[in-house]
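Shown next, in structure tokens, is the structure this report addresses.
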Amino acid sequence: MTKKELDAQAKMLSESQQKFVNTVYMMCDAVEALKEYIHSFQDAMAAQRAVMDSCGEEFKAANETFQAAMKVFAEGFVTVGENTQKLDKFIVKMEAYFGSGTGLEYDN
């Protein structure tokens with residue numbers, strides 16, 4: 001080989017090595033960017049999970065409140081039913097004493 005051919009081969013080798021080094025740097029940058037993306041994705045998923053857990057707790061609290069309200073309403077309806085029965089009995093007694101109809105009849 002002549003000196004000119006050797007110089008050309010050395011230049012090609014140097015350029016190839018520089019391209020290889022640049023490619024390695026680009027791959028390292030890509031791996032680093034991927035790592036950052038994965039970390040930010042994990043953080044976003046953790047935040048989403050925290051929001052979902054918070055909503056779950058709020059729904060549980062709302063359900064407990066709803067159940068307590070249903071119990072109060074049920075007890076109220078039972079009390080209204082009992083009072084209605086008492087009023088019906090009272091009306092029957094009043095009609096027995098004073099008569100029935102649109103006006104009271106005072107025959108006593």
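No lab work stands behind these numbers, since they all come straight from the coordinates. The model shown is predicted, which means the values in this text are computed figures rather than measured ones. For neighbour counting, all protein chains shown are included, and Cβ atoms are generated from backbone atoms with ideal geometry for every residue, glycine included.
Specify the angular offset, from 0 to 90 degrees and rounded to the nearest 10, of the alpha carbon long axis of helix 3-98 from the longest principal axis of the alpha carbons in the chain.
0 degrees
Quickly work out the A74-to-K3 label distance, labels modelled 7 Å from Cα along the C-beta direction, and quote it in nm with one decimal.
My value for the distance between the label points is 10.6 nm.
Which residue, G56, Q17, M27, has the largest displacement toward the positive end of the dipole of the chain when charges sit on each Cβ (Lys, Arg +1; Asp, Glu -1)?
Q17
Between E82 and A62, take the C-beta separation as r, use R0 = 25 Å, and let me know the FRET efficiency to the nearest 0.05.
0.25
Hey, with R₀ at 25 Å, roughly what FRET efficiency would Q42 and S16 work out to, going by the Cβ-Cβ distance, to 0.05?
The formula returns an efficiency of 0.05 here.
Quick one: the Cα spread of the chain along its three principal axes, in angstroms, biggest first?
Extents along the principal axes, in whole Å: 147, 22, 13.
Just check the stretch 43-104 against the gyration tensor rule for me: Cα atoms, a ≥ b ≥ c as the square roots of the eigenvalues, rounded for a/c under 1.5, and otherwise prolate or oblate depending on whether a/b exceeds b/c.
prolate
For the chain, with the dipole built from +1 on Lys and Arg beta-carbon atoms and -1 on Asp and Glu ones, taken about the Cα centre, which of H39, F66, V78 lies farthest toward the positive end?
H39
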